[in-house]
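Worksheet for the structure shown next.
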Amino acid sequence: MALLRHLQMSITPKGHFVGCHAVPLLRLHKGDGIIAEGQGERAHQEEAKVDKRLGGLRDYKMRETSKSK
């Protein structure tokens, strides 16, 4: 982060979080939680299934609202 600031490069909010806040939070909570490979893969498959089902909705806001139900 210090190098990016020294070079006056822009820093995204995600980059700021990772560079400044992620490590202290990981230390505070003693890791990032254990997610087995199968659980992560299943979550991706479920999301893909929902995306495919709702892909016909052109209204972005309505599609995302429907996903959250």
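With each label modelled as a point 7 angstrom along the Cα→C-beta vector, the LEU3-HIS16 pair spans 2.1 nm.
Per residue, the chain exposes 94 Å² of solvent-accessible protein surface, assessed with a 1.4 angstrom probe and all protein chains in place. Report, to the nearest whole %, how much of the accessible area of the chain belongs to carbon and sulfur atoms, 1.4 Å probe, protein only. Answer for the chain is 59 percent, counting heavy atoms of protein chains only.
Summing -39500 (n - 2.57) over the DSSP H runs of n ≥ 4 in the chain and dividing by its residue number, what mean residue ellipticity at 222 nm do you reach, to the nearest 500 deg cm²/dmol? Write down the numbers at each step before the final one.
Working: 5 runs with 42 residues, N = 69.
Taken over the chain, the calculation gives -16500 deg cm²/dmol.
Test of understanding: express the Cα radius of gyration of the chain as a ratio to 2.2 N^0.38 Å, with N the residue count. Provide the component values of the computation, followed by the final result.
Values: Rg = 18.2 Å, N = 69, 2.2 N^0.38 = 11.0 Å.
Computed over Cα atoms of the chain, the ratio equals 1.65.
Determine, from the Cβ-Cβ distance of GLN39 and THR65 and an R0 of 22 Å, the FRET efficiency 1/(1 + (r/R0)^6), rounded to the nearest 0.05. After rounding, the FRET efficiency stands at 0.30. For the chain, the residue among LEU25, ALA48, TYR60 whose Cα projects farthest onto the positive side of the dipole built from Cβ charges is TYR60.
What is the magnitude of the charge dipole of the chain about its Cα centre, with +1 placed on the Cβ of each Lys and Arg, -1 on the Cβ of each Asp and Glu, and no other charges, expressed in debye to the nearest 20?
On the way: 13 positive and 8 negative charges, 50 e Å.
Dipole of the chain, to the nearest 20 debye: 240 debye.
The values are calculated or read from the model by the stated rules, or taken from the named source; none is laboratory data. Predicted model only: the values in this text are computed from it and were never measured. Neighbour counts are summed over all protein chains in view; Cβ atoms, including those assigned to glycine, are modelled from backbone coordinates with ideal geometry. Side chains are part of the model used for accessible areas, which takes the heavy atoms of the whole protein and leaves out ligands, DNA and RNA. Shrake-Rupley method; radii C 1.70, N 1.55, O 1.52, S 1.80 Å.
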